[in-house]
Every structure is written in structure tokens, then in C-alpha cells.
Amino acid sequence: MRLGSEKKMPPLPFENNGYSLVFWIAVAIWGAFEWFGAAQRRAHGDAQVRDRGSRYVLMLGLGVGLALDSALPWIFPGATIGWHRTLLFATGIALILLGIALRGYAIHVLGRYFTRLVAVHPDQTVVQSGPYRYIRHPAYSGTLVTVFGVGLTMTNWASLVAIMVCALLGYTYRVAVEERALREKIGPPYVDYMRRTRRFIPFVF
């Protein structure tokens, strides 16, 4: 009976005011970072935009993922993760903040080459310092870590899978567009860099 009752329990952010406050503070920090931090960075005027609509594909993927993340616990209560829900929630919050920090660090290292759209500068070079030494898209990895954290806070398998699949679909297209633009602009140095690094997870993926 105890396990059955756990499966009918709503996600912690919607069950308890304390959890809800912590969750929304973490989400607000994420939103503030994106809109008032990274989102204020602009490409220099001489950068050539080659976005191919990837910004909108990415926004759609993240938006749909977040919507499903909130809705699916109510649609599939049987997919509730009943194992140490409080620990999973705390881990999720920690990952949200860790992902924000990683994204911020990656953007700082990228410097003036960071843009909201896929764009290349006339003097574009291969950045290989900091996290770029091991992965090609650490700023995107940071967001994926944050998204995974959001999924964990719902303590529901359906929510976790849905938000990660949607985010990965959006980033798969974004990365394909970005890497094509960089290969065309930089040429062999970037191709060699691609051979030596992974996209999101060092030595793995």
C-alpha cells in the first residue's frame, strides 16, 4: 500500500510549499541568467549569421520539453519515481544550479565569439581553453545539465525522458548547423578539433 500511495503522489514542487519555493527560485535564477546575462550578449557587427532557424528549433524543443515535464506527472502518475524522492529533488536542484554555472563559465571563456544565433566572425578561431579543451559545446552541456535537473525534480520517469528527448532533439539540430558553419569558416583546424573532442560529455558523447 505504501508504494501504491507513492505513485499517486504529485511532484514535490506541486505538493509542498517549501519544495515549490526552492524549485521556483532555482528556475527563476535560470531564467534571469538567460534573459539578463547570456541573452544580452550580441554578435559583433561583422559576424556572419548562419543560423538556419536553429534558434527557433531549439526554443521549441525546450519549450515543449518543459511543458511536458510539468504535465506528464499528472497524465502518467504510475511513472512516479518513488525511491528517495526528497534526495532526487535535491539532486535536481543542485544540477539546475550546476548547469547554470557551467554554461556561464563556457560563455565567459568563449568571450566575444558567443552569440545567441549561429554566427561566425571574420577572424573566427578554434577556442580550446577551459571546458572547450574536452568538449565542443560546453555551454549547451550546461543547459542540458540544468534541463536534466528540472526533470529530476518532478520525480517522474515520463517527465524526465520527455524533457531530455525534446532538449536533445533541439540541440542536435542546433549543433549540426553550428558545426557546419564552423567547418566552412575555419576549415581543417576545426575538423581536427572535432576529431579530438566530444560534443557534450568528455570522452563519451
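The values are calculated or read from the model by the stated rules, or taken from the named source; none is laboratory data. Predicted model, so just to flag it, every value in this text is computed and none were measured. So basically every Cβ, Gly included, is an ideal-geometry build from the backbone, and we count neighbours across all protein chains shown.
Any idea which of Gly111, Gly149, Gly142 is in a helix (DSSP H, G or I) and at positive phi? Talk me through it step by step, then tell me what you get.
On the way: Gly149 fails: at positive phi; Gly142 fails: at positive phi.
Result of the check over Gly111, Gly149, Gly142: Gly111.
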**OP:** Considering only residues that are of a type outside the set (A, V, I, L, M, F, W, C) and surrounded by fewer than 22 Cβ atoms within 10 Å (Cβ to Cβ), look in segment 148-173 and name the one that is nearest to Phe14 (Cα to Cα).
**Re:** Thr172
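Among the residues of segment 129-147, is any under 16 Å from the mean Cα position of the chain (by Cα) and loosely packed, with under 15 Cβ neighbours inside 10 Å? Even if it seems obvious, please write down each step before you answer.
Filtering segment 129-147 down to residues under 16 Å from the mean Cα position of the chain (by Cα) leaves 131, 135-147.
The next check asks that each one be loosely packed, with under 15 Cβ neighbours inside 10 Å; those that pass are none.
There is no residue in segment 129-147 that is under 16 Å from the mean Cα position of the chain (by Cα) and loosely packed, with under 15 Cβ neighbours inside 10 Å.
Quick one: is Arg116 basic (Lys, Arg) and either without any contact (Cβ under 8 Å) to a residue 24 or more places away in the chain or assigned to a loop (DSSP other than H, G, I, E, B) (or both)?
Numbers: basic (Lys, Arg): yes; either without any contact (Cβ under 8 Å) to a residue 24 or more places away in the chain or assigned to a loop (DSSP other than H, G, I, E, B) (or both): yes.
Criteria met by Arg116.
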**OP:** Note down all Cβ pairs under 8 Å where the first residue falls in segment 5-22 and is over 16 Å from Gly92 (Cα atoms) and assigned to a helix (DSSP H, G or I), the second is modelled with pLDDT of 90 or more and of a type in the set (S, T, N, Q), and they're at least six residues apart or on different chains.
**Re:** Glu6/Thr80; Lys7/Thr80
